[in-house]
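Since the structure comes first, as structure tokens, the remarks are kept for the end.
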Amino acid sequence: MPSSTTHEAPGRSARMELLLGSALTVVSEQGLRGLTHRAVDREAGLPEGSCSAYLRTREALVLGLTEYVAERVAGHVRDLADELAGGALDDDRAVETVTRFILHWLDERDLLVARIELTLQASRDPALAASLGAHRRVLVDVVGDLLTARGKPHGAAAAETLVASFDGVLIGALPRPVAQRKAFVRRSVEALMAGLG
């Protein structure tokens, strides 16, 4: 199961973790337009000027949040790859495992919405696109390694497609009523993983 605890990244202080976690909440609730140093300070319950002392410009704030989101997503993907290691990709256990992980990610609404917001903004911001692209390659590599370990040909190309496909499942499930999500995710995962058999 994905870890529900947040760990400080190496070299990141508890104060920076608080600020970035608060930025995540601000973006989830208000979108990237609402992401300001003041909004983060308010969300964190810190004096005005706290966020700008760590992340001086808005660009630094957005890129810092991108790093934070990407690290957490990559951690979840590594957890999933570890749990899937050793089993058949198209068996019921694998489908159940992937379904469970996706439903957990949907429960982490702030993380998912912030990731979507940042991805959309990256289409207009080359620096953000470069940062997200580097992090996406990490995800693709983790999935590619899993496919390669299972003897799947062209693992890297298949991994790129799988990462994009599972992103689509998450986006498709997010606006659905909670009661309908599990059936939608399960059907989608079964279809995607059947193609790997």
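Please determine, in degrees from 0 to 90 and to the nearest 10, the orientation of helix 92-107 with respect to the longest principal axis defined by the Cα atoms of the chain, where the helix direction is its Cα long axis.
20 degrees
Between R176 and R38, what is the label-point separation in nm under the 7 Å Cα-to-beta-carbon projection?
4.1 nm
Rounded to whole Å, give me the distance from the Cα center of the stretch 19-50 to that of the stretch 80-106.
34 Å
Where Lys and Arg each count +1 and Asp and Glu each count -1, what net charge lies around A159 among other residues with Cβ under 15 Å from its Cβ?
Charge balance near A159 sits at +1.
What whole-number distance in Å separates the alpha-carbon centres of the stretch 107-168 and the stretch 169-197?
When both Cα centres are located, 17 Å separates them.
What FRET efficiency would be calculated for the residue pair T25, D91, taking the C-beta separation as r and a Förster radius of 41 Å, to the nearest 0.05? Please report the intermediate quantities before stating the final value.
Values: r = 38 Å, r/R0 = 0.92.
Efficiency computed from Cβ-Cβ geometry: 0.60.
What full-extension length gain, to one decimal in nm, is calculated for A156 and T57 as 0.36 nm per residue of separation minus the Cα-Cα distance? Walk me through the intermediate numbers first.
Working: separation 99, 0.36 × 99 = 35.64 nm, distance 3.63 nm.
Using 0.36 nm per residue and subtracting the Cα-Cα distance, I get 32.0 nm.
Quick one: length gained pulling S123 to D141 fully straight, 0.36 nm per residue minus the C-alpha distance?
4.2 nm
Regarding the stretch 66-123, what whole-number volume in Å³ per residue does the convex hull of its Cα atoms give?
Spread over its residues, the Cα hull of the stretch 66-123 gives 84 Å³ apiece.
Which whole-number value in Å³ per residue fits the convex hull of the alpha carbons of the stretch 12-159?
Numbers: hull volume 16.7 nm³, N = 148.
Dividing the Cα hull volume of the stretch 12-159 by its residue count gives 113 Å³.
For the stretch 27-71, list log₁₀ I(q)/I(0) at each q in 0.25 Å⁻¹, using the Debye formula over Cα point scatterers of equal strength and ignoring solvent, two decimals each.
Ignoring solvent entirely, the Cα scatterers give -0.94.
Would you work out the relative contact order for the chain, in percent, from Cα pairs under 8 angstrom that are 6 or more residues apart?
Worked out over the chain, it gives 22 percent.
Fully extended, how many nm does the chain gain between F184 and E17 (0.36 nm per residue separation, minus their Cα-Cα distance)?
Taking 0.36 nm per residue and subtracting the Cα distance, the gain is 56.7 nm.
Just from its helices, what would the mean residue ellipticity at 222 nm be for the chain, if runs of 4 or more DSSP H residues each count -39500 (n - 2.57) and the sum is divided by every residue, rounded to the nearest 500 deg cm²/dmol?
Taken over the chain, the calculation gives -25000 deg cm²/dmol.
Laboratory data are not the source of any read-out in this text; all were calculated from the coordinates shown. As the structure is a prediction and not an experimental result, all values here were calculated from the model. All Cβ positions, glycine included, derive from the backbone under ideal geometry; neighbour counts span all protein chains shown.
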